[in-house]
Amino acid sequence: MLTDTHAHLYFPEFSKDREAVIARAQKEGIDRIVVVATDLGSSRAALALAQKHASLACTVGIHPNSAHAAPPGFLSELGEIAAHKKVAAVGEIGLDYHRLPSDPEAAEAEKDCQRSTFRAQLAFAREQSLPVVIHQRSAWEDTLAMLDEVDNAVRCVFHCFGEGPERLQELTRRGHFVSFTGLITFPNAPLAHASAQAAPLDKFFLETDCPFLAPVPHRGKRCEPWHVRLVAEEMARLRGLPLSAIDDASSRNARAFFRFAD
Ligand SMILES: [Zn+2]
């Protein structure tokens, strides 16, 4: 049994065959899927899906790229959704400086907006005693600085981890987790391979980030939750461990990390 800890099942890519996708995952032994939100609308959609399927849990949160569109009262809305027991974490939240506006003043304003939205949601997670799914892109130092601001008192997973072992250590030293996607099956991802080999056995889990990042040999096609099986196989190969050891560690760590209702 294996958990896909990061799936965007409410995306339009799944609107034609969502039920079949969920059934296929179960048939392949994926016994739990965490549906990860990126804004208020998807937080509600993720909860609706999770309420419909026993094998699904969900998160609530505002992605950094949606921070500018968050309404002023977004925290109280997140709070209402997070009261439901199917909500397993806050996420995905964080910082993404990858595509900032070219005008320096506009870029600074965008960073400020992302930081204040992230800061507010870290405080929210702490208040709610919920763990946090972190999205970080081209903003490593700022992200860590903001976690240090709250004394790393919220348990975080850096999802779709593609950084090298030194950065991995910066996280595990702070008590945080990492989660690996199909990226580790790509031949041109040496840092991700090195981290997949170096991650402590009690500090990682696995995900798809579907519909994105389909693992080899499905690269470039729509990704779906059963593909986490291929991520686990690559992880076992990279570490020279039996597949069952990877399945066990990943599922056990996910259970320890998330607030699952059962
Ligand atoms: Zn995602």
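Database note for the chain: Cys without another Cys beta carbon under 4.7 angstrom, Cys58, Cys113, Cys156, Cys160.
The calculated pair-distance distribution of the range 59-138 uses every alpha carbon pair, bins of 10 angstrom beginning at 0, and gives 19, 51, 23, 6, 0 percent.
As an exercise, take the mean of 1/r over every pair of distinct alpha carbons in the range 112-159, invert it, and state the Kirkwood radius in angstroms.
Hydrodynamic radius (Kirkwood, Cα only) of the range 112-159 equals 10.8 Å.
Could you size up the charge dipole of the range 2-257 around its Cα centre, putting +1 on the beta carbon of Lys and Arg and -1 on that of Asp and Glu, and report it in debye to the nearest 20? Intermediate values should be presented prior to the final figure.
Values: 28 positive and 33 negative charges, 185 e Å.
With only Lys, Arg, Asp and Glu charged at Cβ, the dipole is about 900 debye.
Please give me the summed charge of the neighbours of Asn253: other residues whose Cβ is under 10 Å from its Cβ, Lys and Arg +1, Asp and Glu -1. The answer is +1. Ordered by the count of other Cβ atoms within 10 Å of each Cβ, fewest first, Asp148, Asp248 give Asp148, Asp248. With neighbour counts taken as other beta-carbon atoms within 10 Å, the residues Val228, Val216 rank, fewest first, as Val216, Val228.
Which residue fluctuates the most in the chain, going by a Gaussian network model with Cα springs under 10 Å, if the choices are Ser102, Ser43, Ser129? Looking only at Ser102, Ser43, Ser129, the biggest GNM fluctuation is shown by Ser102. Under the simplified labelling scheme, the Gln197-Arg255 pair shows an inter-label distance of 3.1 nm, with each label point 7 Å from Cα along Cα→Cβ.
Taking other C-beta atoms within 10 Å as the exposure proxy, Ile81, Ile22, Ile62 rank Ile81, Ile22, Ile62 from fewest upward.
For the range 180-239, what is the charge dipole size about the Cα centre, in debye to the nearest 20, if Lys and Arg each add +1 at the Cβ and Asp and Glu each add -1 at the Cβ?
Working: 7 positive and 6 negative charges, 31 e Å.
Dipole magnitude for the range 180-239 comes out near 140 debye.
Ordering Gln114, Ala245, Leu75 by the projection of their Cα atoms onto the charge dipole of the chain, which places +1 on the Cβ of Lys and Arg and -1 on the Cβ of Asp and Glu, puts Ala245 at the extreme positive end.
Work through the residues other than Glu108 whose Cβ is under 14 Å from its Cβ and net out their charges, Lys, Arg +1 and Asp, Glu -1.
Numbers: positive: Lys111, Arg115; negative: Asp103, Glu105, Glu110, Asp112, Asp142.
Residues close to Glu108 contribute a combined charge of -3.
For the range 2-257, the percent of C-alpha pairs falling in each 5 Å distance bin, counted from 0 to the bin holding the largest distance, reads 1, 6, 14, 18, 20, 18, 13, 7, 2, 0, 0.
Above 18 Å lies some portion of the pair distances; for the range 143-261, what is it as a whole percent of all C-alpha pairs?
Values: 3478 of 7021 pairs.
Value for the range 143-261: 50 percent of Cα pairs lie more than 18 Å apart.
Which of the pairs Lys16/Lys52; Lys16/Lys85; Lys85/Lys221; Lys16/Lys221 have their Cα atoms more than 25 Å apart in this structure? Mind dumping the intermediate values first?
Values: Lys16/Lys52 17 Å; Lys16/Lys85 28 Å; Lys85/Lys221 33 Å; Lys16/Lys221 16 Å.
In this structure, Lys16/Lys85; Lys85/Lys221 lie more than 25 Å apart at Cα.
Summing charges over neighbours of Arg239, with a neighbour being any other residue whose Cβ is under 14 Å away from its Cβ, gives -3 when K and R count +1 and D and E count -1.
Extending 7 Å from the Cα toward the beta-carbon at both Lys85 and Asp148 defines two label points whose distance is 4.0 nm. Applying a DSSP loop filter and a limit of 14 other Cβ atoms within 10 Å to the trypsin sites (Lys or Arg not before Pro) in the range 143-215 leaves Arg174.
Relative to the current alpha-carbon distance between Phe212 and Lys52, full extension at 0.36 nm per residue lengthens the span by 55.3 nm.
Laboratory data are not the source of any read-out in this text; all were calculated from the coordinates shown. Since the model is a prediction, treat every value here as computed from it, not as a measurement. Note that we place each Cβ from the backbone using ideal geometry, even for glycine, and neighbour counts take in every protein chain shown.
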